[in-house]
Amino acid sequence: MSTPATAGRGSITHVIFDMDGLLLDTEKFYTEVQEIILARFNKTFDWSLKAKMMGRKAIEAARIFVDESGISDSLSAEDFLVEREAMLQELFPTSELMPGASRLIKHLHAKNIPICIATGTHTRHFDLKTQRHKELFSLMHHVVRGDDPEVKQGKPAPDGFLAASRRFKDGPVDPQKVLVFEDAPSGVLAAKNAGMNVVMVPDPRLDISHQDVADQIMTSLLDFKPEEWGLPPFEDSN
Ligand SMILES: O=P(O)(O)OC[C@H](O)CO
Ligand SMILES: [Mg+2]
């Protein structure tokens, strides 16, 4: 685990969470269906393509998928979204929490730290993914989704994080006082483009070069030490 940069260290007042791959173990579903679709074209889905897609709005990720895999003459981005939809609709309701997500959300909420979500996912998928976790997600002050009218461009544009900052009760919040948790390279860039601090919890299969931009890297949310960022420490022994 790397040490936080000095910029916002010790002065965090608000926290913004990414969702897919950070709070919910849903990135594996996208990987699974994209592997199935590319196999139909005798191609394999690799982590360099995955890294470019994750965190983005659906149509933006879809364009990258068909272009970079060289199948755009056979399958349009729009048709790709239709093809994967039936599979995703079966998988999303089974979404499980990532390790440490519940503990961290409940802790920050109990300590009255304002928390919210800024996700690239759109409302219909958000509802499917969170249907088993409504109580936990109800602790969020607000949620900004990829189809929000204020999110003109998806990550790595800062739109989602800036909208999330504005919607806090006392927002917009000084970005130096905001800590973002992200798993995706595009999401880390979006947080930095918004001028915020960012902890990255990357999938170990992502190339290490994607870890250069974040202020702190950790292998699990269970490793987060709130006091390093000026947030109340955990009181359990973990
Ligand atoms: O990681 P999120 O929560 O921004 O979601 C983005 C897409 O839905 C999946 O990559
Ligand atoms: Mg994510």
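On the given criteria, is F80 touching a Lys or Arg at 6+ places or on another chain (Cβ under 7 Å), touching a residue at least 40 places away in the same chain (Cβ under 8 Å), part of a helix (DSSP H, G or I) and closer than 23 Å to M53 by Cβ? When the stated conditions are applied, F80 does not pass them.
Residue pairs whose Cβ atoms lie under 6 Å apart, separated by 6 or more positions or on different chains, with the first residue in the stretch 21-36 and open to solvent by 20 Å² or more (accessible area, probe 1.4 Å) and the second away from ligand 2 (no atom under 13 Å from the Cβ) and not hydroxyl-bearing (S, T, Y), are D25/E96; E35/F45.
Going through the stretch 53-89 one residue at a time, which ones are small (G, A, S), out of contact with any strand residue (DSSP E or B) (no Cβ under 9 Å at 6 or more places or on another chain) and closer than 18 Å to G146 by Cα? Scanning the stretch 53-89 gives A58, A61, A62, A77.
If the condition is being within 11 Å of K155 (Cα to Cα) and crowded, with 22+ Cβ neighbours inside 10 Å, then the stretch 187-212 contributes G187, V188, A190, A191, A194. All conditions but one from (1) within 12 Å of ligand 1 (Cβ to nearest atom); (2) among the aliphatic types (A, V, I, L, M); (3) in contact with a helix residue (DSSP H, G or I) (Cβ under 7 Å, 6 or more places away or on another chain) apply to I117; the one that does not is (3). Listed here are the helices (runs of 4 or more DSSP H) enclosed by the stretch 125-238 that have at least 3 residues being more than 28 Å from R84 (Cβ to Cβ): 159-166.
Exactly one residue out of G55, G70 is at pLDDT below 95 and either in a loop (DSSP other than H, G, I, E, B) or surrounded by 12 or more Cβ atoms within 10 Å (Cβ to Cβ) (or both): that is G55. The lone criterion from (1) open to solvent by less than 10 Å² (accessible area, probe 1.4 Å); (2) within 16 Å of F29 (Cβ to Cβ) left unmet by H133 is number (1).
Among the residues of the stretch 86-99 satisfying the criterion of being surrounded by 14 or more Cβ atoms within 10 Å (Cβ to Cβ) and over 15 Å from the mean Cα position of the chain (by Cα), which is farthest from F234 (Cα to Cα)? The extreme case among them is M87.
The rows are residues; the columns are (1) at pLDDT below 95; (2) of a type outside the set (G, A, S); (3) farther than 21 Å from P114 by Cα.
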| position | (1), (2), (3) |
| --- | --- |
| K152 | no, yes, yes |
| F181 | no, yes, no |
| V188 | no, yes, no |
| E235 | yes, yes, no |
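The values are calculated or read from the model by the stated rules, or taken from the named source; none is laboratory data. These numbers come from a predicted model, not from an experiment. Glycine also receives a Cβ, built like all others from the backbone with ideal geometry; neighbour counts cover every protein chain displayed. Areas reflect the complete protein model, heavy atoms only, side chains present, ligands, DNA and RNA absent. Shrake-Rupley method; radii C 1.70, N 1.55, O 1.52, S 1.80 Å.
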